[in-house]
Amino acid sequence: MELVWAALGALNPARAVARCLHVDGDWLQLGEHGYDLGAVDRLLVVGAGKAGAGMAAAVEAFLGGRIAAGWVNVQRGYEPAQPLCTIHVHPAGHPIPDAAGLQGTCSMLELLDQLGHGDLVLVLISGGASALLVQPAPGLALADVQRLTAALLRSGATIGEVNGVRKHLSQVKGGRLAQRIAARGAQAAVLVLSDVVGNPLDTIGSGPCAPDPTTFADALGVLERHGLLETAPCSVRDVLEQGLKGELMETPKPGDPLFELVQHVIVADNRQAARAVVQRAEALGFHALLLTTYMEGEAREVGRMLAALAKEEACYARPLPRPACLVLGGETTVTVRGAGRGGRNQEVALAAALALDGWENVAVAALATDGLDGPTDAAGAIVTGRTAARARAMGLDPAEHLRRNDAHTLLAALGELIVTGPTGTNANDLAWILVS
């Protein structure tokens with residue numbers, strides 16, 4: 001678990017904001033961007049995401065009484081222990097948006113409607129913002145968005161595909177939040193704790209303040225590719241088809257002048273967590289190497305790939321001398337076909353355990369940095385070459401559990417789950433291979 005805590009420590013949202021935010025008199029420095037607070041009439045803070053409470057606390061600690069008001073939506077269970085002074089932290093549902101998220105977003109927009117020239121908005125975006133920032137397009141009910149979101153999350157679509165659809169069914173995603181701020185002549189400084197591979201600003205939290213390169217045609221294409229077009233609510237198809245015909249306004253695109261009033265700063269991402277695992281492993285006596293932060297694909301296939309890397313290291317001491325720790329970051333997907341319980345990291349771990357059956361002195365860990373892997377109480381799992389045999393000795397068939405997307409049941413019985421509880425942050429997933 002030492003490697004787990006090293007990763008999560010690197011992603012502490014308050015410390016991440018503190019690394020990028022500095023105040024010297026009236027001068028506010030955010031990364032490479034500076035703002036003269038003496039020339040700012042009102043400073044507002046809004047946002048959404050699992051790391052929102054920690055990010056908001058850090059902003060309030062630095063800017064205190066300069067903040068006129070603030071509202072941040074967070075996942076239920078991620079609220080701060082004590083209420084903040086000027087920023088309201090509002091709990092709502094995730095991964096399926098709910099009425100609380102809708103109400104919170106409406107309150108946030110009421111704040112933004114008070115903006116004028118000379119005002120500055122700090123926007124705090126982290127993983128989970130796509131579900132927590134909720135304002136369906138005209139003609140859509142919340143229930144329509146909920147139904148489609150659930151289907152998309154089970155379809156095996158990538159996060160880019162999922163968010164490309166979400167952006168075209170929303171009044172606040174895909175740059176539309178920035179559009180609302182800029183329409184009032186205000187500036188926006190966006191602090192982002194990234195949970196998307198490669199840090200694409202238009203995909204993180206569905207890019208509420210970023211230009212959107214996707215189109216209504218792209219969104220329809222996603223539903224067609226994943227067999228969801230016929231089963232999607234009629235209102236969803238109507239909105240997308242109206243957009244395709246040009247009857248609805250597209251999301252703002254790259255090059256739109258409105259984005260001259262918007263600056264983004266990445267405060268933390270998966271690379272920082274992965275590097276922290278490498279550093280801690282080295283301190284524990286391992287030769288350690290970060291292989292990639294672009295780990296993607298179907299979870300069970302990624303699990304087999306991790307097992308292949310473990311076997312190469314165990315047999316040939318490649319690419320490192322032993323003891324070795326190989327670290328990977330990214331995010332996998334799961335096409336749900338069974339009725340079991342699990343999450344993408346637990347499925348990665350179980351697939352790796354099957355491929356490593358009988359191998360000695362190897363272990364594979366897979367971790368969701370938000371502490372919640374799928375609809376379970378686990379963050380992931382740590383498996384070894386003995387996991388599959390131990391399962392069979394208990395009367396459990398690991399291959400059948402994998403087929404049913406039921407990794408949680410098996411790994412819980414074996415005591416191989418990683419359980420952290422909600423971490424208050426979110427920056428993709430991590431995996432590491434240990435070979436002694």
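Bear in mind that the values in this text are calculations on the coordinates, not laboratory data. Please read all numbers here as calculations on a predicted model, not as lab measurements. Methodologically, a virtual Cβ is constructed for each residue, glycine included, from the backbone with ideal geometry; neighbour enumeration extends over all protein chains shown.
Of note:
- Taking the Cα centre of the stretch 271-435 as origin and assigning +1 to Lys and Arg Cβ atoms and -1 to Asp and Glu Cβ atoms, the resulting dipole is close to 220 debye.
- Positive-end extreme of charge dipole, the stretch 271-435 - chosen from Ala381, Thr369, Cys325 (charges on Cβ): Cys325
- Overall size of the stretch 271-435 from C-alpha positions, given as principal axis extents largest first: 40, 37, 25 Å.
- Taking every C-alpha pair closer than 8 Å and separated by at least 6 residues, the mean separation divided by the residue count of the chain gives a relative contact order of 15 percent.
- Overall form of the stretch 40-133: oblate. Here a/c, set by the Cα gyration tensor axes a ≥ b ≥ c, is 1.5 or more, and a/b is not larger than b/c.
- Peptides 29-35, 92-98, ordered by how many other C-beta atoms sit within 10 Å of their residues on average, highest first, read 92-98, 29-35.
- Anisotropy class of the stretch 108-243 from Cα gyration tensor, a/c 1.5 cut: prolate
- For Cys315 and Ala399, the FRET efficiency from 1/(1 + (r/R0)^6), where r spans their Cβ atoms and R0 equals 30 Å, is about 0.80.
- Values of log10 I(q)/I(0), in the order q = 0.08, 0.09, 0.13 Å⁻¹, for the chain under a Debye, Cα-only, solvent-free model: -0.45, -0.57, -1.10
- The overall shape of the stretch 335-409, judged from the alpha-carbon gyration tensor, is oblate: a/c is not under 1.5, and a/b is no greater than b/c.
- Computed from point charges on the beta carbon alone (+1 for Lys and Arg, -1 for Asp and Glu), the dipole magnitude for the chain about its Cα centre is near 780 Debye.
- Computed per residue of the chain from DSSP H runs no shorter than four, each worth -39500 (n - 2.57), the mean residue ellipticity at 222 nm is -11000 deg cm²/dmol.
- Cleavage-rule hits (GluC sites (Glu not before Pro)) in the stretch 299-379: DSSP loop, at most 13 neighbouring Cβ within 10 angstrom: Glu360
- Placing a label point 7 Å from the Cα of Ala150 along the Cα-to-Cβ direction, the residues of the stretch 117-143 with a backbone N closer than 11 Å are 143.
- Burial ordering of Leu115, Leu410, fewest other beta-carbon atoms within 10 Å first: Leu115, Leu410
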